[in-house]
């Protein structure tokens, strides 16, 4: 049995295999040819952090695969009242066929997976957001930019930056990350990605100059400067992230064929300008839709691997 906790746990071949499956299922979905890949199965969806895209995409996805999604917020289950994660896992995983968790610390997710009898999917933690990167890379493939890919991530060294590190290291493309001083990516996660990159041929560059990172890139991406739980830091962060907004002048430094991605929600006038967000280069809504299809690929793949030794 496999879990989907971080991209670092997967090989290049496995990631691409899941994406091919996702694209196949997407094509079937577009043709209204819904196949019961997971008939009568229940996906338990635990949300300690609220979400628009994660809930809608997983709940719709499992339904289109022939199953049903069960939404569980912290207020709905004993986890929110202090029950240990290990106990919650041993109870819920005896009643459902798969679990998606959107929570805070990666360690909580890993504890749940340790005690679970069913596959567990990381819907987001403070450290990683792997399902988003699957959707991002699927969008890049559809745009025909996966060959000779040069990705530039501009902004906070957060879970999105960490997942970009893992994806680049595994698939072997060039990634440039530019963050303000004091907001760099986690040193241990970076070191692990660089170690993997030596084997895959990936080129990973980290620095503090956003314009240098974007120069010649084929994909430019960013994330909100003020993530959930950081609202009290907003004024401070906005000042310290000055110069990191992806605007038209910054996009002009990228290749003419470059696309803009954002995991959403986006705050125009902060991490991205209105002009870039609404431009023809922006594929943010195609990217958001691909959350549905990429996650269906992940769920079906995990279900198929359930009984493998």
Calculated SAXS-style log₁₀ I(q)/I(0) at q = 0.11, 0.27 Å⁻¹ - segment 63-133, Debye, Cα scatterers: -0.26, -1.43
Could you calculate the contour length gain from residue 308 to residue 40, that is, 0.36 nm times the residue separation minus the distance between their Cα atoms, to one decimal place in nm? 94.4 nm
Please work out the FRET efficiency for the pair residue 68 and residue 117, using the Cβ-Cβ distance as r and a Förster radius of 30 Å; give the result to the nearest 0.05. 0.95
Would you mind telling me which residue in 163, 89, 107 has the biggest mean-square fluctuation in a Gaussian network model of the chain, where springs connect alpha carbons within a distance under 10 angstrom? 107
Springs between alpha-carbon atoms under 10 Å, Gaussian network over the chain: tell me which of 120, 96, 246 tops the mean-square fluctuations. 96
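Counting each DSSP H run of 4 or more residues in the chain as -39500 (n - 2.57), what helix-only mean residue ellipticity at 222 nm follows after dividing by all residues, to the nearest 500 deg cm²/dmol?
Working: 12 runs with 130 residues, N = 309.
Taken over the chain, the calculation gives -12500 deg cm²/dmol.
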Give the label of the value calculated from the structure for Cα extents along the principal axes in Å, choosing from [x] 64, 59, 35; [y] 52, 43, 37; [z] 58, 48, 38. [y]
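Which whole-number percent gives the relative contact order of the chain, counting Cα pairs below 8 Å spaced six or more residues apart?
On the way: 594 pairs, mean separation 65.5, N = 309.
So the answer I get is 21 percent.
What order, most packed first, do the peptides 258-265, 188-195 have when packing is the mean number of other Cβ atoms within 10 Å of each residue?
Details: 258-265: 21.2, 188-195: 15.2.
Taking the mean over residues of other Cβ atoms within 10 Å, the ranking is 258-265, 188-195.
If you take the C-alpha gyration tensor of segment 176-242, multiply each eigenvalue by 5 and take the square root, what semi-axes do you get, largest first, in whole Å? Before the final figure, lay out each step's value.
Values: eigenvalues 126, 48, 20 Å².
Ellipsoid semi-axes (Å, largest first): 25, 16, 10.
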Mind checking the angle between helix 284-304 and the chain's longest principal axis? C-alpha axes, 0 to 90 degrees, to the nearest 10. 40
Return the single residue from 153, 128, 270 with maximal mean-square fluctuation; model: Gaussian network over the chain, springs between Cα atoms under 10 Å. 270
Potential lengthening between residue 286 and residue 76 on full extension [0.36 nm per residue; Cα-Cα distance subtracted]: 72.4 nm
Note down the nm distance, to one decimal, between modelled labels 7 Å out along Cα→Cβ at residue 104 and at residue 278. 3.8
Angle between the chain longest axis and helix 12-30 axis [Cα atoms, degrees, rounded to 10]: 80
Compactness check, segment 144-282: C-alpha Rg relative to the 2.2 N^0.38 Å globular estimate gives 0.99
Taking Cα pairs under 8 Å and at least six residues apart, what relative contact order does segment 144-282 come out at, in percent? 26
Treating the angle as unsigned and between 0 and 90°, give the value, to the nearest 10°, between the Cα long axis of helix 130-142 and the longest Cα principal axis of the chain. 60
Potential extension, residue 187-residue 33 segment - 0.36 nm per residue separation minus Cα distance: 50.9 nm
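Here, each number is a calculation from the coordinates, and none is a lab measurement. For clarity, every value in this text was computed on a predicted model and none was experimentally measured. Cβ: placed from backbone, ideal geometry, glycine included. Neighbour counts: every protein chain shown.
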